[in-house]
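Below is one structure; the comments refer to it alone.
Quick note: the coordinates plus some simple rules give every number you see, no bench work behind them. These numbers come from a predicted model, not from an experiment. FYI the Cβ positions are ideal-geometry reconstructions off the backbone, even for glycines, and counts take in every protein chain you see.
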Amino acid sequence: MTARMVDRSKRGAGLVGLVAALAVTLACMGTPGTEPAAPPPAPPASEASGEPVDGSMSVEEFERDISGAVRLAEQYWKERFTESGQRFEAVRRVLTYSRNGEISCGQQEIPRNNAVYCPAGDFIAYDVNWAVAAFRQIGDAFIFFLLGHEYAHAIQARLGIQHQFTIQSELQADCMAGAYLGDSVQSGQLDLQDGDLDEFRAGLEAVGDDPDQPWFAEGSHGTARQRIESFFRGYDSSFSACDLT
Ligand SMILES: [Zn+2]
């Protein structure tokens, strides 16, 4: 999967009803304290040989994918805001951490094995060791999903979208991540390689909630099936399928 520095056509309707407000909850990739990107039950078929399907699995490749994913998400949402006549502000910073409590969001310490968007500081932070492990186990597409999901939380905050339950915010962020990726592939700004779609599925399998977790519980993100459904709804139908208004 490769991000390009080109500005091509775009699809989808403009965003409406933008309101500048920040959500107060700490949005994250999985239930804090768990390891949402534990190795998936089975590798995608395309990676059954154990060989990466595209590119190397080096740290340099990882860093290039992270910055490519952030740049692509910024550009994507900037275009959507501009279409609506709204000013867009990029997420202030993208930080890495490797220890529990190394970074806090407001009063809340960010746990290891996670990635979050922090509305209080308007930053994305991810456990670098966890993310590199997921990159190597699942593939580079997971990194584009991960950054797209966290960036989506920043967009929700900018739009003033608030939900009654965590799971609604999380599934919407999955849909928005799908929209940014699907639209970027459509517009030629992102090259999809064999296996990337399987990697999205494998990544969502890995971060899905335990089936026993009540959907209304604080921290619920959705089962793997729900997350895959939301992601591909956005991927196939763009952000208008994500109920952003
Ligand atoms: Zn989230």
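See the values below:
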quantity	calculated
FRET efficiency estimate (nearest 0.05) - Cβ-Cβ, E229 to E89, R0 30 angstrom	0.45
Mean Cβ neighbour count within 10 Å, used as a protection proxy, ranking 238-244, 148-154 highest first	148-154, 238-244
The range 161-231: C-alpha pair distances exceeding 13 Å, %	66 percent
Tail weight of P(r) past 18 Å, computed on alpha-carbon pairs of the range 69-169, percent	51 percent
Ordering of 97-106, 172-181, 190-199, 126-135 by burial proxy (mean other Cβ atoms within 10 Å per residue, highest first)	172-181, 126-135, 190-199, 97-106
Amide H contacts of Y97 (H built 1.01 Å from N, under 5 Å, at least 5 apart or other chain)	Y126, D127, V128
With eigenvalues of the C-alpha gyration tensor scaled by 5 and rooted, the range 100-245, Å	22, 18, 16
Theoretical gain in end-to-end length, S98 to R64 [0.36 nm per residue, Cα-Cα removed]	10.3 nm
